[in-house]
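Input: a single structure, listed below in structure tokens.
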Amino acid sequence: MHRRTLARIELSAIQANFELAQQLAPGARNVAVVKADGYGHGMTQVAEALSGRAAAFAVATVDEGMRLRASGIDEAILILEGGSSADAFAAASEHCLTMVLSSEQQLEHALKVRAPVWLKLDTGMHRLGIAPRDLLHALDSLRASDIEVQAVCTHLACADEPGSAATLQQLKLFQDATLGLKLPLSIANSAAILAWPQSHAEFNRPGIMLYGASPLLNSNAADAKLVPAMTFLGEIIAVRSIAAGESVGYGARWTAQRNSQIATVAAGYADGYPRHAPCGTPTFVHDAVAPLVGTVSMDMITIDVTDLPGTRIGDAVELWGRNVSVDDVAVRAGTIGYELLTGVSARVPRIFNA
Ligand SMILES: *Cc1c(COP(=O)(O)O)cnc(C)c1O
């Protein structure tokens with residue numbers, strides 16, 4: 001490794017966040033969501049760190065599930081998107097992956113394969129799931145083919161908004177549809193684990209909170225006692241003095257108001273730092289905040305270190321982590337922590353700390 005831009009992953013933080021999910025919902029078993037390469041943290045390493053603790057793992061696709069299975073994970077693996085072909089269902093069955101069925105077509109595939117499934121209801125998100133009125137019919141056809149339904153689940157659209165009426169309505173629809181079923185239920189994602197205790201059920205499905213970012217609007221991870229698991233670091237590769245009135249970066253969008261010290265950091269949007277982060281977005285050098293100045297380039301950013309006179313070439317800069325919240329950077333860049341974490345590119349080596 002000749003470029004010291006990296007993402008340091010604290011697996012113990014992920015374990016602590018998992019424990020928090022358990023404490024918040026003592027009656028639930030947690031399915032750890034590790035799709036999209038563990039939200040950018042390394043799917044197999046995250047799963048290994050939670051193996052023996054998580055009731056199951058969840059990924060989006062059969063291919064992700066196959067990779068996780070190949071890495072030696074023995075727990076159940078849920079495929080949240082299910083699959084769209086007979087081949088996908090055959091592969092899932094061959095690798096002992098549990099499909100989440102959310103359409104009539106998927107039900108047809110499942111009836112041929114006969115592996116255990118989860119069944120998903122659309123209670124208002126209108127993305128995936130069968131209509132509540134079709135639930136009993138679907139359960140009958142699965143039962144007739146001796147297919148085990150391990151859980152009935154749904155997904156909330158507005159769990160990140162405290163007190164949302166839409167969430168109350170989804171919860172009510174789900175409760176009515178599943179009344180008297182005697183099957184395990186699953187509703188809660190991270191936001192619901194943190195903010196909607198009435199949604200906690202046999203299985204919860206924490207994702208983003210495991211990585212120490214906040215799923216809630218107007219709140220940050222620290223409020224919820226979550227520990228950020230990723231520290232995204234860049235290295236200072238140049239420091240220069242510029243005079244008041246001079247500009248920095250593409251488009252000359254930032255102009256120094258005073259004589260300034262500008263450090264160039266080896267991390268840009270090709271590494272996953274958001275191109276739309278505005279001037280003033282915090283980075284952290286030594287013990288202090290240094291604001292982003294100028295436009296984010298593909299491989300570099302520039303930061304104002306005028307007030308940090310000890311700054312040198314070779315110093316590490318935290319782009320997000322324990323000192324700069326990924327949620328804060330995300331809000332400034334007009335996005336969410338999920339997008340930043342999953343967007344750290346393959347060019348950035350992940351370094352794992354137990
Ligand atoms: C991604 C996903 C989750 C996890 O959501 P977070 O907001 O990251 O906790 C849970 N359930 C389903 C169906 C998902 O697709």
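The values are calculated or read from the model by the stated rules, or taken from the named source; none is laboratory data. Quantities reported herein were computed from a predicted structural model and do not represent experimental measurements. So basically every Cβ, Gly included, is an ideal-geometry build from the backbone, and we count neighbours across all protein chains shown.
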Checklist entry - Within the stretch 1-50, can you find the residues that are within 27 Å of I236 (Cα to Cα) and aliphatic (A, V, I, L, M)? => result M1, L6, A7, I9, L11, A13
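Considering the stretch 86-103 alone, what residues qualify as being touching a His at 6+ places or on another chain (Cβ under 7 Å) and among the aliphatic types (A, V, I, L, M)?
Answer for the stretch 86-103, where residues must be touching a His at 6+ places or on another chain (Cβ under 7 Å) and among the aliphatic types (A, V, I, L, M): just A86.
If you go through the stretch 126-150, how many residues are on the phi < 0 side of the Ramachandran plot and either within 14 Å of the ligand (Cβ to nearest atom) or not in a helix (DSSP H, G or I) (or both)?
Restricting attention to the stretch 126-150, the residues satisfying the condition of being on the phi < 0 side of the Ramachandran plot are 127-128, 130-145, 147-150.
If we keep only those that are either within 14 Å of the ligand (Cβ to nearest atom) or not in a helix (DSSP H, G or I) (or both) as well, we get 127-128, 130-131, 145, 147-150.
Result for the stretch 126-150: 9.
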Item to check | Subset of the stretch 106-142 (residues that are farther than 20 Å from A86 by Cα and basic (K, R)) | outcome: R127, R133
Item to check | Filtered residue count, the stretch 196-245, keeping only those that are more than 22 Å from the chain's Cα centre (by Cα) and free of Cβ contacts under 8 Å to residues at least 12 places away in the same chain | outcome: 1
Item to check | Residue in the stretch 260-268 that is modelled with pLDDT under 95 and buried (at least 22 other Cβ atoms within 10 Å of the Cβ) present | outcome: no
Next on the checklist: Among the residues that make up the stretch 172-185, is at least one of them part of a helix (DSSP H, G or I), among the hydroxyl-bearing types (S, T, Y) and within 15 Å of the ligand (Cβ to nearest atom)?
Outcome noted: no
Item to check | Which listed residue, of V331, V289, is farther than 29 Å from E48 by Cβ and in a strand (DSSP E or B) | outcome: V289
Checklist entry - A346: among the small types (G, A, S), at negative phi and surrounded by 16 or more Cβ atoms within 10 Å (Cβ to Cβ), yes or no? => result no
Checklist entry - Exactly one of (1) in contact with a helix residue (DSSP H, G or I) (Cβ under 6 Å, 6 or more places away or on another chain); (2) assigned to a helix (DSSP H, G or I) is unmet by L168. Its number? => result (1)
Item to check | Only one of G280, G251 that is part of a helix (DSSP H, G or I), surrounded by fewer than 19 Cβ atoms within 10 Å (Cβ to Cβ) and not hydrophobic (A, V, I, L, M, F, W, C) | outcome: G251
Checklist outcome for this item: Condition set surrounded by fewer than 22 Cβ atoms within 10 Å (Cβ to Cβ) and within 13 Å of the chain's Cα centre (by Cα), scope the stretch 1-41, selection nearest to K120 (Cα to Cα): answer is K35
Next on the checklist: Every residue in the stretch 5-25 that is farther than 15 Å from A213 by Cβ and assigned to a helix (DSSP H, G or I), please.
Outcome noted: L11, S12, Q15, E19, Q22, Q23, L24
Item to check | Output for the stretch 203-248, where each listed residue is away from the ligand (no atom under 14 Å from the Cβ), assigned to a loop (DSSP other than H, G, I, E, B) and not aliphatic (A, V, I, L, M) | outcome: N218, N220, K225, P228, G245, E246
Checklist entry - In the stretch 186-202, what residues are within 13 Å of the ligand (Cβ to nearest atom) and not in a loop (DSSP other than H, G, I, E, B)? => result S186, S190, A191, A192, I193, L194, A195, S199
Checklist entry - Looking at D287, D307, D328, D315, which is the one that is among the acidic types (D, E), within 26 Å of the chain's Cα centre (by Cα) and either more than 19 Å from S241 (Cα to Cα) or modelled with pLDDT of 95 or more (or both)? => result D328
